[in-house]
Amino acid sequence: MARSRTSKFDASEAITNELIRIIERGVLPWRKPWTAGGSARPLRHNSEPYQGVNNFLLTMRTVMAGYTSPFWMTVPQANTLGANIRKGERSSVVVYYGQSHKQAEGDSGAKDDSSEEARVFRFQKSYRVFNADQIDGLPDAFYPDACPVPDHTPSAPIEHMQTFFDAIDITTVFGGTEARYNPPVDKVFMPAIERFKNPLNFYGVWAHELAHATKTPHRLNRDYGLSRFGNTAYSREEIVAELTSCFLGQELGFTAHTLELNASYLYHWLRVLRSDKTAIFKHTADAQKACDYLIARSEAGRAGATDQAA
């Protein structure tokens, strides 16, 4: 009698299908303002922040489940701390990227141990984590107090955010009612902050448009093919800009925002996710690069201004 085979778990497919189900409801949960235990980013058990796709996934799950702790850990990590997962709690899938080396083969096909050349193989593994809110017996440090939400004057600049964006060496022109990046002139065009009742939305939109500006060849050289409004290349770039705004907002205190959130915008996500189960991994990686780039440019701009003033 033939032994039945258990199908191998496909983390990319499971995560992508989860995202599709959520977006089909018409929501982008990572846009909801949140902090958990005073942290704007999910944390590993050792307080190291998650990055890239795991940051995005656990941010979304924290918001949707209403967790108040930013900490996530595996079952063995919890057990090492003398804690236990509560019965009936469901885990969250995250991924790990690594690489291994295989020794190059000689002309005869045998491994050439004397050769220093090796082929690099990149791989993805998945593992499961639980939020501290799902675990009994953890030390109190895993349940930090929430920070008060600051009040901001309507339609007025927020000093630390304004300073950050002003230092980035990408020209932004203010005026009108549209927000866009114009590649031929390499400029971002933004409505004035006075048009935004909530100034956090102003910075969320500005981050989105600056993210588009990072794609140029003299910056990050990000290219998904010929982009026309509504096609797949256009949709992919929109997802990267959304995620960049999400990641940058975690650093500064705003959430991703666009001037219009409608069926067309949600369709950008759905068409890409349905056609490519690896898309969210590629685009969160590109968004993390764009976020890191903008942070580096802002730091360089502020350092230069300090040197000139000295």
Quiz item: Just for segment 111-163: of the residues that are of a type in the set (Asp, Glu) and either at pLDDT below 95 or surrounded by fewer than 10 Cβ atoms within 10 Å (Cβ to Cβ) (or both), which one is nearest to SER298 (Cα to Cα)?
Solution: GLU159
Quiz item: Any residue in segment 261-270 that is part of a loop (DSSP other than H, G, I, E, B) and modelled with pLDDT under 95?
Solution: yes
Quiz prompt | Residues within segment 14-61 that are surrounded by 18 or more Cβ atoms within 10 Å (Cβ to Cβ) and among the small types (Gly, Ala, Ser), tallied | solution = 5
Quiz item: When you scan segment 46-58, how many residues do you find that are at negative phi and without any contact (Cβ under 8 Å) to a residue 40 or more places away in the chain?
Solution: 3
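Looking at PHE164, PHE123, which is the one that is assigned to a strand (DSSP E or B) and either under 30 Å from TYR67 (Cβ atoms) or aliphatic (A, V, I, L, M) (or both)? Steps first, answer last, please.
Details: PHE164 fails: assigned to a strand (DSSP E or B).
Result: PHE123 is the single residue among PHE164, PHE123 that is assigned to a strand (DSSP E or B) and either under 30 Å from TYR67 (Cβ atoms) or aliphatic (A, V, I, L, M) (or both).
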Quiz item: Within segment 78-91, can you find the residues that are over 30 Å from ALA279 (Cβ atoms), surrounded by fewer than 21 Cβ atoms within 10 Å (Cβ to Cβ) and touching a residue at least 12 places away in the same chain (Cβ under 8 Å)?
Solution: LEU81, GLY82, ALA83, ASN84, ILE85, ARG86
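Any chance segment 179-194 includes a residue that's in a helix (DSSP H, G or I), on the phi < 0 side of the Ramachandran plot, of a type outside the set (A, V, I, L, M, F, W, C) and surrounded by 22 or more Cβ atoms within 10 Å (Cβ to Cβ)? Reasoning before the result, please.
So the first thing to find is which residues in segment 179-194 are in a helix (DSSP H, G or I), and the list is 183-185, 193-194.
Adding the requirement that they be on the phi < 0 side of the Ramachandran plot leaves 183-185, 193-194.
Cutting the leftovers down to of a type outside the set (A, V, I, L, M, F, W, C) gives us 183-184, 194.
Now narrow it down to the ones that are surrounded by 22 or more Cβ atoms within 10 Å (Cβ to Cβ): none.
No, the conditions are met nowhere in segment 179-194.
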Quiz prompt | Qualifying residue in segment 224-236 (condition: in contact (Cβ under 8 Å) with a residue 12 or more places away in the chain, in a helix (DSSP H, G or I) and surrounded by 19 or more Cβ atoms within 10 Å (Cβ to Cβ)) | solution = yes
Self-check item: Subset of segment 64-75 that is among the aliphatic types (A, V, I, L, M) and surrounded by fewer than 18 Cβ atoms within 10 Å (Cβ to Cβ) - its residue that is nearest to ALA287 (Cα to Cα)
Solution: MET64
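Listed here are the residues, each with its yes/no results for (1) closer than 24 Å to PHE165 by Cα; (2) out of contact with any helix residue (DSSP H, G or I) (no Cβ under 8 Å at 6 or more places or on another chain); (3) of a type outside the set (Gly, Ala, Ser).
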site	(1), (2), (3)
ASP186	yes, no, yes
PRO199	yes, no, yes
TYR203	yes, no, yes
ARG228	no, no, yes
GLU238	yes, no, yes
GLU260	yes, yes, yes
SER275	no, no, no
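The values are calculated or read from the model by the stated rules, or taken from the named source; none is laboratory data. Because the structure is a prediction, the values reported are computed rather than measured. Heads up, the Cβs are rebuilt from the backbone with ideal geometry, glycines too, and the neighbour counts pull from every protein chain shown.
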